[in-house]
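Below: the structure, in structure tokens.
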Amino acid sequence: MIVALIAACEIGFWVLLAAGLATRYLLKMPRTGLALLLCEPLLEVVLLVATALDLKNGADPNWTHGLAALYIGYTVGHGHRTVKWLDGHAAHRLGGAPKPLGPPRHGMARARYEGQVWLGTLVGAAVATALLQLAIWYVDDPSRVTSLESWRYVAWRAAGIHGLIALSYLIWPRKAPAGEPEERLEKEGAHR
């Protein structure tokens with residue numbers, strides 16, 4: 001049941017996102033579109049409540065409960081940036097706004113950008129860990145929570161790998177092509 005609910009929440013995320021952006025830019029109803037976009041966190045609340053009820057009703061904690069915690073953590077850590085990025089592109093394509101700047105491609109600006117994205121992964125891992133710990137305390141049976149404990153390691157292993165990738169941009173920054181000034185790239189990176 002939990003896996004189906006995770007899939008439904010993911011589908012619901014994209015449906016609400018599309019409906020919110022279409023309402024904002026195609027129907028020219030920005031407040032209604034914003035209201036639809038602000039409903040997206042409710043999907044995570046539904047998933048959280050359903051997971052807690054599943055455990056309360058005696059379900060054995062398993063990989064689906066751990067996956068639900070990671071999904072909620074990822075959404076908390078990266079959902080806002082995803083919505084903001086898509087809103088900028090929808091404003092450009094549907095609302096006549098200027099094309100949004102992409103991420104910086106070179107130098108320290110790119111390293112800062114990658115570090116900011118990694119911070120979202122850290123937030124996601126922290127949220128997932130907190131949810132998993134709450135579930136472990138809720139179940140209160142060490143013999144039944146091994147799968148939940150293993151998902152904490154999955155969250156932090158993903159954050160560690162992402163951190164190494166982000167660090168690589170700092171250690172080995174890409175150089176700007178000849179003729180493209182580094183200052184412009186730094187300036188573009190500061191606007192994100």
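The values are calculated or read from the model by the stated rules, or taken from the named source; none is laboratory data. Since we're looking at a predicted model, the values are computed, not measured. Using ideal geometry, Cβ is built from the backbone for each residue, glycine included, and neighbour counts are taken over all protein chains shown. Only protein heavy atoms, including side chains, enter the accessible area calculation; ligands, DNA and RNA are left aside. Shrake-Rupley method; radii C 1.70, N 1.55, O 1.52, S 1.80 Å.
Dipole check for region 50-167: with +1 at the C-beta of Lys and Arg, -1 at the C-beta of Asp and Glu, and the Cα centre as origin, the magnitude is about 740 Debye.
With contributions of -39500 (n - 2.57) from each DSSP H run of at least four residues, the per-residue ellipticity at 222 nm computed over the chain stands at -27500 deg cm²/dmol. Our coupling estimate for region 40-45, obtained by passing each phi through the Karplus curve with A = 6.51, B = -1.76, C = 1.60 and θ = phi - 60°, is 4, x, 4, 4, 5, 5 Hz, Gly and Pro reported as x.
Take the Cβ atoms of Arg93 and Asp140, set R0 to 45 Å, and the FRET efficiency comes out at 0.30.
Applied to region 162-178, the Karplus parametrisation 6.51 cos²θ - 1.76 cosθ + 1.60 on θ = phi - 60° returns per-residue 3J(HN,Hα) values of 5, x, 5, 5, 4, 5, 4, 5, 7, 6, 10, x, 6, 7, 5, x, 4 Hz, with x for Gly and Pro. For region 1-29, the residues whose amide N sits under 18 Å from a probe point set 7 Å from the Cα of Val46 along the beta carbon direction are 1-21. Summed over the residues of the chain and divided among them, the accessible surface reaches 60 Å² per residue at a probe radius of 1.4 Å.
Expressed as a whole percent, the accessible area of region 41-132 that falls on carbon and sulfur atoms is 68 (1.4 Å probe). In the set (1) 20.0, 65; (2) 20.0, 72; (3) 17.3, 54, the label that goes with Rg and Dmax of the Cα atoms in Å computed for this structure is (1).
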